[in-house]
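Here the structure is laid out as structure tokens; the discussion comes afterwards.
Coordinate-derived values only; no laboratory data. Everything numeric in this text was worked out from a predicted model, so none of it was measured. Note that we place each Cβ from the backbone using ideal geometry, even for glycine, and neighbour counts take in every protein chain shown.
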Amino acid sequence: MTLADRRILLVIGGGIAAYKSLDLIRRLRERGASVRCVLTAGAQRFVTPLAASALSGQRSHTDLFDREDEAEIGHIRLARDADMVVVAPATANLMARMASGAADDLASTVLLATTLPILLAPAMNVRMWQHPATQRNLARLLADGVHVVGPNDGAMAEAEHGPGRLAEPAEIADAVERVLSQNGVMLRSEPRGSRLEAPSAVGAFFETPRAQPGAPQDDAGGLTALPLAGRRMLVTSGPTHEPIDPVRYIANRSSGRQGHAIAAAAAAAGAAVTLVSGPVAIPDPPGVTVVRVESAREMLAAVQATLPAEIAIFAAAVADWRAANEAGQKIKKDDKRRSRGLQLIENPDILATIAHRKEGRPALVVGFAAETENVVEHARAKLARKGCDLIVANDVAPESGVMGGTRNSVHLVTPDGVETWPTLDKEEVARRLVARLADMLDAQRRTGG
Ligand SMILES: Cc1cc2nc3c(=O)[nH]c(=O)nc-3n(C[C@H](O)[C@H](O)[C@H](O)COP(=O)(O)O)c2cc1C
């Protein structure tokens, strides 16, 4: 019983996935937890308090001004008499109310009054999830130390596809276990950037320290912020596809895993992240605005449209060349003239273009160098040639397994020297890199650079 004697307050929001919260009650109880439910008015349109009570074995709560409820167990006791609060499904509306500090019904009042760890399991239409307002609210809530599991990627109602599905009840129960197992650590304040966990994929788990009353104050007298709170970050990721004709293209083996992990780690560190991604087969990282592109030229245009940003990380494997004459129709096998030799021309150099900007250059420009030989030597030359602040150099020789793999061996090359990291999961590389960039940005600020 992994949750033996744990007390969960489950807030059920008014979304179509509310029925899954009933399964969640069952799963939490199977693991030994006791569950008490609060239902919003919206939730009661989808599931009944009676069903929640029957499954939890405890009376469910719905009304802030219920005389009996308030006499028996008031909203402040509800907010205290548990080990953690889970919101599932967390609707867009409930997230907005939480982010703004509203307390206009029992659920939002309890959520504002509690100092317990809070885990949100958002579920909504993909456009609602991707709306800048919801992403702003998510960033605010993460910065407040709320934990988030999901949403997952997949087919949704209204024949749409994308992130927005409620995480599966078992995934939510797993996330509850993780939060509770770290609870002692989580409630203590930690040095900046020391324990950020990077979610690597949609459905992953954001782990951020919950700002607590009494936590250390920053220079401005506010609670200590996440290391990149309020910063704008641009990340490119994945390969580019350079069309030869309408059905063929030039590509490379980049999976996008490293770039996506960096975007996720930066979002978990509080940054507002835009990820410009070439075609990849991995899910969008949660809490990140994703712009999808195909070719190097589209990527450059998207990057330019995204700036300004304080940090720009160019992790995409951009094709150096493209077909000089893209055919409007599929090239036929017997087209001797075209099939004899493919003419290539150079693509724009996105990293150098941005790093050499006179105006609007990001304070930190980071390039990636994928090399198959003389990795550090080539990276040093690239740093100077491209005019960036840092190169993350990695060996992508086939035997290294880096391209398309889950681990990476990198060297950090700056004008000050070279630092070699051990082979790490791409998520860990992302976390360390984000923490390093936050420090570099701080150092630049202090020295007025
Ligand atoms: C059929 C139907 C399904 C809905 N599904 C969702 C949903 O999955 N996620 C969401 O955020 N809102 C959804 N809504 C809108 C919410 O019910 C609405 O914003 C409500 O005010 C949420 O209240 P609450 O957050 O206080 O529970 C849905 C509405 C209807 C009518």
Spacing of the two label points (7 Å from each Cα toward its C-beta) at Arg136 and Arg446, in nm: 3.3 nm
Along segment 249-257, what does the Karplus equation 6.51 cos²θ - 1.76 cosθ + 1.60 (θ = phi - 60°) give for ³J(HN,Hα), rounded to whole Hz, x for Gly and Pro? 8, 9, 9, 9, 8, 4, 8, x, 4
Using amide H atoms built 1.01 Å from N in the peptide plane, name the residues 5+ places from Trp321, or on other chains, whose amide H lies under 5 Å from its own. Asn347
Separation in nanometres of the label points that stand 7 Å from Cα toward Cβ, at Asp349 and Asp81: 6.8 nm
For the chain, shape from the Cα gyration tensor axes a ≥ b ≥ c, cut at a/c of 1.5 then a/b versus b/c, turns out prolate
FRET efficiency, 1/(1 + (r/R0)^6) with R0 51 Å, evaluated for Ala102 and Glu294 via beta carbons: 0.75
For Phe368, list long-range residues whose amide hydrogen, built 1.01 Å from N in the peptide plane, is under 5 Å from its own amide hydrogen. Phe314, Val392
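List nothing, just return the count: lysine pairs in the chain, 8 or more apart or interchain, with Cα separation under 26 Å. Write out the running numbers ahead of the final one.
On the way: Lys358/Lys382; Lys358/Lys386; Lys382/Lys426; Lys386/Lys426.
Count of close lysine pairs: 4.
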For segment 160-176, Karplus-derived ³J(HN,Hα) couplings (6.51, -1.76, 1.60; θ = phi - 60°; whole Hz; x for glycine and proline) come out as 10, 9, x, x, x, 6, 4, 4, 5, x, 5, 5, 5, 4, 4, 5, 4
